[in-house]
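The structure appears right after this line, and notes come after that.
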There are 2 protein chains.
Amino acid sequence: MAVATQTLEELCINSIRFLAIDAVEKAKSGHPGLPMGAAPMAFVLWDRFLRYNPKNPKWFNRDRFVLSAGHGSMLHYALLYLTGFDSVSIEDIKQFRQWESRTPGHPENFMTAGVEVTTGPLGQGIANGVGLAIAEAHLAAKFNKPDAKIVDHYTYVILGDGCNMEGVSGEACSYAGHLGLGKLIALYDDNHISIDGSTDIAFTEDVSKRFEAYGWHVLHVQDGNTDLEGIAKAIEEAKSVTDKPSFIKVTTTIGYGSPNKANTAGVHGAALGGDEVKLTRENLGWEHEPFVVPEDALKHWRKAIERGANYEAEWNKTFDTYKGKYAQEAAEFERYISGKLADGWDKVLPTYTPEDKALATRKHSETCLNKLAAVLPELIGGSADLTHSNLTEIKGFGDFQKGHYQNRNIHFGVREHGMGAICNGMSLHRSGLIPYGATFLIFTDYMRAAIRLSALSHGGVIWVMTHDSIGQGEDGPTHQPIETLASLRAIPQLTVIRPADGNETSGAYKVAIEKAKQHAPTLLAFTRQNVPNLAGTSIEGVTKGGYTVVDSEGTPELILIGTGSELSLCVTAAEKLTSEGKKVRVVSLPSWELFEAQDAAYKESILPKAVTKRLSVEAGSSLGWHKYVGTEGDTVSIDRFGASAPGGVCLEKFGFSVDNVLAKAKQLLG
Amino acid sequence: MAVATQTLEELCINSIRFLAIDAVEKAKSGHPGLPMGAAPMAFVLWDRFLRYNPKNPKWFNRDRFVLSAGHGSMLHYALLYLTGFDSVSIEDIKQFRQWESRTPGHPENFMTAGVEVTTGPLGQGIANGVGLAIAEAHLAAKFNKPDAKIVDHYTYVILGDGCNMEGVSGEACSYAGHLGLGKLIALYDDNHISIDGSTDIAFTEDVSKRFEAYGWHVLHVQDGNTDLEGIAKAIEEAKSVTDKPSFIKVTTTIGYGSPNKANTAGVHGAALGGDEVKLTRENLGWEHEPFVVPEDALKHWRKAIERGANYEAEWNKTFDTYKGKYAQEAAEFERYISGKLADGWDKVLPTYTPEDKALATRKHSETCLNKLAAVLPELIGGSADLTHSNLTEIKGFGDFQKGHYQNRNIHFGVREHGMGAICNGMSLHRSGLIPYGATFLIFTDYMRAAIRLSALSHGGVIWVMTHDSIGQGEDGPTHQPIETLASLRAIPQLTVIRPADGNETSGAYKVAIEKAKQHAPTLLAFTRQNVPNLAGTSIEGVTKGGYTVVDSEGTPELILIGTGSELSLCVTAAEKLTSEGKKVRVVSLPSWELFEAQDAAYKESILPKAVTKRLSVEAGSSLGWHKYVGTEGDTVSIDRFGASAPGGVCLEKFGFSVDNVLAKAKQLLG
């Protein structure tokens, strides 16, 4: 590379590179992923194609940009700074990867305006991108009119080798191909290096051919380092194909510009080091001090501000036209965007009495979903190929398919992890949609990384999980959750609810819908088997996480604490004990997180410290229950794998029977 | 289909179908997956190709057969019965999916001899198959001689649409293509139906083209229902290609033979029902009573017994020759197969004193792995593209690559889930190999389903997990485990160990290696950051799960319980408190599972009930700790997501400091 006068474009591209180099060098941090090779494609994309408004990062109709290769986060921060977002100043860049900075190690949407989703765990970003594109396609089909397109944007994703190796990206991209999401454009930073070295040691498949097999429109830019026109032409072509997502392989050199470290894993996993930084400056003809962007370059980049204002103004005009002609739709659209719920939505949630038929809570869930779907058109989702087991179909709202994007039943296929990341993307589109994703509770194991990210990145998703215990039955231990509830309760910012009957299922949905609008996920655990409707259960009780369902006269001698299908065992056991003169309280504890969020007085009123004889009954692991039963209490729980047999047999054999609850209760009572 | 006289082959195939139909009908079970379309390929494979010995299911050199579409388990049980395995009688088949039967809902290797791996969770079986093929390739490269091939078998897998939709299968198959595993042959039961209906609703990619992109040899049998010669020819061709795994798409009709339910999701999710069974009997000309196999068919099937005895006798001869010529290798091979460890293997585990340099436990892990690798040649594994962060390279033993299968460092690529399932397959090859798989602790979320299956299916795998807390640092909350330890401790039959220093790391490996040989998995959690070597830690202590590291004179007033990097905080705090006249004990609790396995007296000696002032210190979720600290104790823990900053800053800010431990301790002491 000659140290000749640089073109303005080269200056702009090198601005990205050296902001990243300088930030990484200052942070001296282990795994920054220097965006040397990806800088040209990012420049072309952000400078010529991406529609966004730096001064209003949340402008609705912006193109969504996802850096799936999140370890290159400095690329994103440099772009935000250069194009004039207020969220990233040069001071923020100097604080790269430091405590409470707006430039954390990986892009986090809740830390930095302009970052759409939280990436870092590889493969998630591209799968989120599929969700963003689904959200756009759905809203466009629902709201747009021939004379006023108010939803009309692209979703661009930059992903790397790591993303392409992860199964979650394969699942989501196969599905994106099926759906023909034409406004999803992925740029693959094909640099042949991952942390362990050349991708030749583990990853020699033909990635482009794989995407062709998925049904994508596939392109290749041979020289991603310098061929800016080639990159631009590819993006143009990608935009021109409207019935398929596009995959642009952009072959680049990792660490481009570094004389000794380019094309090595050294630039993937560590800072360049002072000497090499100096050599790279010389090599690329960069004579500016650290963190200094030459004025010409910054001036060019900052044209984004005016462009962005124009995009938004133009859209506002379109929306005004729309509002004038389609007042009702516009009002609905505005409600969506505002994140508000339709008035009186929760009135549709049914309540039950003990006279009502015993049903599986998954069946009550079906009722709630269908009633809610009628009043909340933003409710959209489906199952990972278990629709008629999870009972998640919302009837009359059609299947979301290519050409039918206005429909609301999504068939994710047997792709739990992809489903999870797609739901996250749909929520993080932040257009009011309430996505839900369903499978058997045990298969949260397949999608746990995505569930965690829904909690971390403020995704307002409802996770609908059925077959929530050994009551699952014949499918056997591979399909029976044991430790699953405990492992999900451990995730911060995730609310787990295991309702006991019809009323509690309604309560669970009340919480889940409200939390979704507050950008928090809820995981609902439903039974496969029928359970009776109990006296004393209530929607309100569920909102508090724990409450008294049956009480004794005076201070109880014993508290039975149940969740889900086991609450009825507690109620029956309590009746028996009461008839024998014992003072027994039954507490329903459908959600630990909601209960913990109550004040101390309320918690004491439900579980008084003085009552130390406590027995929990839940068809799951005992892990965590000691917090509630204390050192003098006991649990009816299961700490081994299940077995294949009819569900009732499994429950009985593993001790989830009134007799066993009574036996353990009497042991405690002495 | 004409109800004409059936050929012997048709009789044999229909024997599978009707055993399955009758078993499913009797069980009236929800999700049996009737193997009507897969029966012909299974017949051709088992009757003409598969080498096995029904009377010695564990004969070493058998071909491995995996039913990845495990919901069709009756296919496998029928094959085992028909070919004469003692594990499945006709009575067992009548007990399909019943309590403690040998014919559970999904194939479970620990329940039924002849089943190699536990399938059911989709995609796992084919990925296990990759592991089985890796084990074969490695052992063949290591042991075979030009004049005596003692390791020489195929791995056959039948998989379905569901398996092909799951990301884990994509990861493993991409890697199998990279490795060129020529003796892996997958038969894809392409029936176009999954639970939700036609695969057209979610899965329209070109699967064969995808496998071509992975580097597989791809074939297609157009009529898998009746073209037995076509199936046979394809398998022959697959065997003839030795440098690539083969993928045979076999197009079939789900529910073949059922006049009204063939080619519908109805046969995927439910029994046919009495009327349809009758019609199917008529349609296929099956005049036999339920559970009756015509004599001719059974006679033909049972030829497998003689064939199997011959295979084994032949192999025994080969092995005798081998033993005569290569006594040392034969002895080693026999040790492998016996599952015994090399004498004195644990002598290599290092011990340390406080004078030894403070190092990260991942660094101690590297030392252990390398020392063990020298004395245990069966130790083989690697990382999911984090080799130099996990420090899992065993130096001098080369990279396991195509043409270099004798080597022992496996580069799994960024494919955590695939790695997990592959390691399970390698262990379940049951040839003495001790596989290990490594990534960051947080990314166990990506591979949790495989970790669970290692525990359930008795996989002797060592899971090497580093960067085990917020001490991870700059990568931020997406990379910092919070709830991860708790969620792993919840898994039955999995031993989790979080060692505090060099001695405890040696102890952790001592346990992990022994457990691997007992077919149980261990998960090791190591620090990124340096930790001091502590007085009082020991290998033996770790084997008990919990032990006293620092004791007070007389009964302690307070017990500090630490794990991993936080144990040293406890020790320092105890020193300070002791100097202030307090009686403080420090307990190291590196493994809850090992501690719980001790007798009551031992547990009481370490954590006496009378001492109720207890403080746990662990940089992870508080979930589960109340069991040890009780209602009067407290925890130093973290129940929120982490943050991006240098690891030391994170630990300090989140309260993992001597000062905070002291403050909380003093609060307890009052």
Checking the structure you have, find out if any residue of region B:294-312 is of a type outside the set (S, T, N, Q), in a loop (DSSP other than H, G, I, E, B), touching a residue at least 40 places away in the same chain (Cβ under 8 Å) and under 30 Å from B:V375 (Cβ atoms).
no
Of B:T543, B:T555, B:T505, which residue is farther than 17 Å from B:G620 by Cα, β-branched (V, I, T), away from chain A (no Cβ under 14 Å) and touching a Gly at 6+ places or on another chain (Cβ under 8 Å)?
B:T543
State which residue is least open to solvent (accessible area, probe 1.4 Å) when the search covers only region B:380-402 and only residues that are free of Cβ contacts under 8 Å to residues at least 40 places away in the same chain and more than 10 Å from every other protein chain (Cβ to nearest Cβ).
B:I394
Of B:R585, B:R614, which residue is touching a helix residue (DSSP H, G or I) at 6+ places or on another chain (Cβ under 7 Å), free of Cβ contacts under 8 Å to residues at least 60 places away in the same chain and closer than 18 Å to B:A665 by Cα?
B:R614
Mind telling me which of the residues A:H429, A:H417, A:H458 ends up being open to solvent by 10 Å² or more (accessible area, probe 1.4 Å), more than 10 Å from chain B (Cβ to nearest Cβ) and either out of contact with any strand residue (DSSP E or B) (no Cβ under 6 Å at 6 or more places or on another chain) or closer than 19 Å to A:P590 by Cβ (or both)?
A:H458
Name the residues in region B:538-583 that are of a type in the set (S, T, N, Q), more than 18 Å from B:D659 (Cα to Cα), outside any helix (DSSP H, G or I) and under 31 Å from the mean Cα position of the chain (by Cα), would you?
B:S538
Scope region B:193-244; condition within 22 Å of B:K402 (Cβ to Cβ) and assigned to a strand (DSSP E or B); matching residues:
B:H217, B:V218, B:L219
Looking only at region B:482-499, filter to residues that are at the interface with chain A (Cβ under 10 Å from one of its Cβ atoms) and part of a loop (DSSP other than H, G, I, E, B); which one of those is farthest from the chain's Cα centre (by Cα)?
B:I482
Those residues of region B:607-627 which are farther than 30 Å from A:Q95 by Cα and either out of contact with any strand residue (DSSP E or B) (no Cβ under 6 Å at 6 or more places or on another chain) or open to solvent by 20 Å² or more (accessible area, probe 1.4 Å) (or both) amount to B:L607, B:P608, B:K609, B:A610, B:T612, B:K613, B:R614, B:L623, B:G624, B:H626, B:K627
Could you count how many residues in region B:631-670 are free of Cβ contacts under 8 Å to residues at least 40 places away in the same chain, of a type in the set (D, E) and closer than 30 Å to A:K613 by Cβ?
2
Anything in region B:269-284 that is touching a residue at least 40 places away in the same chain (Cβ under 8 Å) and more than 16 Å from B:K28 (Cβ to Cβ)? List them, or say none.
B:T280, B:R281, B:E282, B:N283, B:L284
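Being of a type in the set (D, E), more than 10 Å from chain B (Cβ to nearest Cβ) and under 23 Å from A:G33 (Cβ atoms): is that true of A:D190 here?
Criteria met by A:D190.
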Count - residues of region A:90-105 that are surrounded by fewer than 18 Cβ atoms within 10 Å (Cβ to Cβ) and either aliphatic (A, V, I, L, M) or in contact with a Leu (Cβ under 7 Å, 6 or more places away or on another chain) (or both):
1
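Do we find a residue being of a type in the set (G, A, S), facing another protein chain (nearest Cβ under 9 Å), buried (at least 16 other Cβ atoms within 10 Å of the Cβ) and under 23 Å from B:F526 (Cβ atoms) anywhere in region B:654-665?
No, there is no match, as no residue in region B:654-665 is of a type in the set (G, A, S), facing another protein chain (nearest Cβ under 9 Å), buried (at least 16 other Cβ atoms within 10 Å of the Cβ) and under 23 Å from B:F526 (Cβ atoms).
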Taking the condition over 30 Å from B:E205 (Cα atoms) and buried (at least 19 other Cβ atoms within 10 Å of the Cβ), does B:A313 pass?
no
So, in region A:626-641, of the ones that are within 31 Å of the chain's Cα centre (by Cα) and within 16 Å of A:N660 (Cβ to Cβ), which residue ends up farthest from the other protein chains (Cβ to nearest Cβ)?
A:S637
Kindly list the number of the only condition in (1) assigned by TED's automatic domain parsing to the domain that holds A:R51; (2) touching a Leu at 6+ places or on another chain (Cβ under 8 Å) that fails for A:K371.
(1)
Quick one: would you say A:L453 is surrounded by 24 or more Cβ atoms within 10 Å (Cβ to Cβ), within 9 Å of another protein chain (Cβ to nearest Cβ) and not basic (K, R)?
yes
Which one is farthest from the chain's Cα centre (by Cα) among residues in region A:170-183 that are crowded, with 24+ Cβ neighbours inside 10 Å and at the interface with another protein chain (Cβ under 8 Å from one of its Cβ atoms)?
A:G177
Can you find a residue in region B:200-214 that is in the same structural domain as B:F96 (by TED's automatic domain parsing), surrounded by 20 or more Cβ atoms within 10 Å (Cβ to Cβ), in contact with a His (Cβ under 6 Å, 6 or more places away or on another chain) and of a type in the set (S, T, N, Q)?
no
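Quick check, is A:E355 open to solvent by 10 Å² or more (accessible area, probe 1.4 Å) and within 14 Å of another protein chain (Cβ to nearest Cβ)?
So A:E355 fails the test.
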Going by the structure shown, is B:K517 open to solvent by 10 Å² or more (accessible area, probe 1.4 Å), in contact with a Gly (Cβ under 8 Å, 6 or more places away or on another chain) and either more than 10 Å from chain A (Cβ to nearest Cβ) or charged (D, E, K, R) (or both)?
yes
Which numbered condition B:M111 misses (of (1) closer than 30 Å to A:S208 by Cα; (2) part of a loop (DSSP other than H, G, I, E, B); (3) among the aliphatic types (A, V, I, L, M))
(1)
Would a scan of region A:473-480 turn up a residue that is of a type in the set (V, I, T) and within 22 Å of A:G546 (Cβ to Cβ)?
no
One residue is enough: does region B:133-149 have a residue meeting the conditions within 14 Å of another protein chain (Cβ to nearest Cβ) and not acidic (D, E)?
yes
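In the list A:A262, A:A271, A:A342, which residue meets the criterion of being at pLDDT below 95, part of a loop (DSSP other than H, G, I, E, B) and under 30 Å from the mean Cα position of the chain (by Cα)?
On inspection, the qualifying residue turns out to be A:A342.
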For region B:229-244, which positions are surrounded by fewer than 22 Cβ atoms within 10 Å (Cβ to Cβ) and among the aliphatic types (A, V, I, L, M)?
B:A232, B:V241
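The values are calculated or read from the model by the stated rules, or taken from the named source; none is laboratory data. Computed from a prediction, not measured in an experiment: that's the story for all the values here. Because the Cβ atoms are built from the backbone with ideal geometry, glycine has one as well, and the counts that use them run over all protein chains shown. Just the protein is used for accessible areas: all its heavy atoms, side chains included, with ligands, DNA and RNA removed. Shrake-Rupley method; radii C 1.70, N 1.55, O 1.52, S 1.80 Å.
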